[in-house]
1. Please report, as a whole percent, how much of the solvent-accessible surface of the chain comes from carbon and sulfur atoms (probe radius 1.4 Å).
2. Say each of Leu4 and Asp109 gets a label point 7 Å from the Cα, pointing the same way as Cα to Cβ; how far apart are those two points in nm?
3. Using DSSP H assignments, which helices in the chain have an axial alpha-carbon span of 15 Å or above and a mean Kyte-Doolittle hydropathy of 0.0 or higher?
4. Helix-derived [θ] at 222 nm for the chain: sum -39500 (n - 2.57) over DSSP H runs of at least 4, divide by residue count, nearest 500?
5. Per residue, how much accessible area does the chain have with a 1.4 Å probe, in Å²?
6. Contact order normalised by length for the range 1-143, with contacts defined as Cα pairs under 8 Å and 6 or more residues apart; what percent is it?
7. What's the Kirkwood radius of the range 27-146 in Å, using all Cα pairs?
8. Could you work out how far the C-alpha centroid of the range 1-70 sits from that of the range 112-129, in angstrom?
Amino acid sequence: MSDLKNVLLADDNANDVELTLAALGANRLANEVVVVRDGAEALDYLCRRAQYAARERGNPALLLLDLKMPKVDGLEVLRHVKSDPNLKTIPVVVLTSSREEQDLVRSYDLGVNAYVVKPVDFRDFMDAVKLVGGFWAVLNELPPTR
């Protein structure tokens, strides 16, 4: 069996990050979760630049991506990921508070794998993240790294 890949969580909201980490932990997700606070940092991580230049090679098992982030928004991160031959196989799940139809349509146009609106209710939020993390990081089979 291959090494367990990490999950990249890109979200600038500290409360949502805390809840997401708690939900993944409650689901006993063994994958390490790397948290980045804006789109620029997400791209630095994925492209192994700046403070992430020395990180181990390989893509995360999953990118949980908020849309409304500073510096570089989630749609731009998604566009970059899905247009880069080295990154395009990373499953990207948009986990956002945006119910705007244009965000939903644009996300799917850019190749998102799933679009989840963050539930307002605490328990619903926890359940949604458990399902997302369990499927994409544990059950989903990724293609071999080239």
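The values are calculated or read from the model by the stated rules, or taken from the named source; none is laboratory data. On a predicted model such as this, the values are computed, not experimentally measured, just so you know. Heads up, the Cβs are rebuilt from the backbone with ideal geometry, glycines too, and the neighbour counts pull from every protein chain shown. Accessible surface areas use protein heavy atoms only, side chains included; no ligands, DNA or RNA. Shrake-Rupley method; radii C 1.70, N 1.55, O 1.52, S 1.80 Å.
1. Roughly 50 percent of what the probe reaches on the chain is carbon or sulfur.
2. It works out to 3.9 nm between the two label points.
3. Helix filter hits for the chain: 14-26, 122-133.
4. -11000 deg cm²/dmol
5. Computed with neighbouring chains in place, this is 55 Å² per residue.
6. 26 percent
7. Its Kirkwood hydrodynamic radius stands at 14.9 Å.
8. Taking the Cα centre of each part, the range 1-70 and the range 112-129 sit 17 Å apart.
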